[in-house]
Every structure is written in structure tokens, then in C-alpha cells.
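Shown next, in C-alpha cells, is the structure this report addresses.
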Ligand SMILES: [Zn+2]
């Protein structure tokens, strides 16, 4: 049947640049953009100094503002249409549908700051899919060295038993970062 043939063709002609990007490639791209760098002693990736400095400065600039001010940017939508509920973390909804969740406002501030800072250095940032933006931003949060809300030390907690998921939280203000 002619129609079925047409449909099969259509699925093969998806443009490559809109396909989801896998994790290893994301890491490579972050290294190419000088966001992450190889730490030879630790044999692992770490934040590049310059990116870390710029990200931190932006976190300090954003953390005293209302989250709705910058949620519109992160979610690429009109902030006026968003509702923020704080209850064991931060849930953002739009017309009753959850469009974003963060373990704390501190985590959200870190993500927005990472989003803006990445946008300045990452080649082709504006052409990437929204889901790729989200993955890149989420990937960076594990590199935080101090609390986005108060600069306190971060410590892992929980995870000792099979049921409890380990989290990383601020020792001073208790904000859960991831
Ligand atoms: Zn804190």
C-alpha cells in the first residue's frame, strides 16, 4: 500500500540534529566548551575554573530574587502562567500540569544560573532541544561545591538502606541540592 510506504519513509527522515543526545556525548561537548575539564590526579571531570567562577557569581546574583522571575526563562514560557508550590521541594505547574520540579529553591537557583552561564559559552546553545538544555544543566548540579543559597558546605545523607535514596544537602540551611 502506497500510504504505508510513505509513512515508513517519513520516520527515516528525521533530522539528526533534533535527536536526543546521549550522556557521553554531552560530557564531551561540555569539555569542548571549556565547562568541564579533565582532572588528571582524580582521573575525572571537574568544573573548569572560569566556568565555575562565572556560575558562582550568577548564583549569588540570582538567589535573592523571586523564583518566578527566572522560571519563565528556564521553562521557556510566560512566568505569569506558572504556579510555584513549596512542599518537600519546589513544584512548578502551569494550568494544573507539573512542568518542573526541584528539590529546593537553592537547586533551582543553581540550575537557572547554569542555564544562563552555559548559554554564553556553549556552541549552538540556542539551537539545542529543550530536553538537551535540561540534561546539560542537571549534569552540572553534581559539581556544586557549596550551597547555592548560603555558601554552606554540602554533605551527602541517607542511602544507607535500600529504601532511602541518598541526597546531598547543605549542612547550614538544610537545602537539598540533589
Ligand atoms: Zn545552605
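Select from the stretch 119-148 the residues that are outside any helix (DSSP H, G or I), within 21 Å of residue 88 (Cβ to Cβ) and more than 16 Å from the ligand (Cβ to nearest atom) and list them in ascending order.
Matches in the stretch 119-148: 142 only.
Return the total of residues in the stretch 19-48 being assigned to a loop (DSSP other than H, G, I, E, B), under 16 Å from residue 144 (Cα atoms) and in contact with a helix residue (DSSP H, G or I) (Cβ under 8 Å, 6 or more places away or on another chain).
Residues in the stretch 19-48 being assigned to a loop (DSSP other than H, G, I, E, B), under 16 Å from residue 144 (Cα atoms) and in contact with a helix residue (DSSP H, G or I) (Cβ under 8 Å, 6 or more places away or on another chain): 1 in total.
Is it the case, given these coordinates, that residue 98 is in contact (Cβ under 8 Å) with a residue 12 or more places away in the chain, away from the ligand (no atom under 16 Å from the Cβ) and not in a loop (DSSP other than H, G, I, E, B)?
no
Before we move on, is residue 156 modelled with pLDDT under 95, over 17 Å from the mean Cα position of the chain (by Cα) and not in a loop (DSSP other than H, G, I, E, B)?
yes
Which of the numbered conditions does residue 151 fail, given that it passes all the others? Conditions: (1) near the ligand (Cβ under 8 Å from one of its atoms); (2) out of contact with any strand residue (DSSP E or B) (no Cβ under 7 Å at 6 or more places or on another chain); (3) touching a residue at least 60 places away in the same chain (Cβ under 8 Å).
Of everything listed in (1) near the ligand (Cβ under 8 Å from one of its atoms); (2) out of contact with any strand residue (DSSP E or B) (no Cβ under 7 Å at 6 or more places or on another chain); (3) touching a residue at least 60 places away in the same chain (Cβ under 8 Å), residue 151 misses just condition (3).
Restricting to the stretch 120-148, name every residue that is without any contact (Cβ under 8 Å) to a residue 24 or more places away in the chain and surrounded by fewer than 11 Cβ atoms within 10 Å (Cβ to Cβ).
Hits for the stretch 120-148 are 124, 126.
Scan 169, 156 and give me the residue that is away from the ligand (no atom under 13 Å from the Cβ) and either touching a residue at least 24 places away in the same chain (Cβ under 8 Å) or more than 18 Å from residue 48 (Cα to Cα) (or both). I'd like the intermediate steps shown before the answer.
Values: 169 fails: away from the ligand (no atom under 13 Å from the Cβ).
Residue meeting the stated conditions: 156.
The values are calculated or read from the model by the stated rules, or taken from the named source; none is laboratory data. What you see is a predicted model, and the numbers here were worked out from it, not measured in a lab. With ideal geometry, Cβ positions are generated from the backbone for all residues, glycine too; neighbour counts draw on all protein chains shown.
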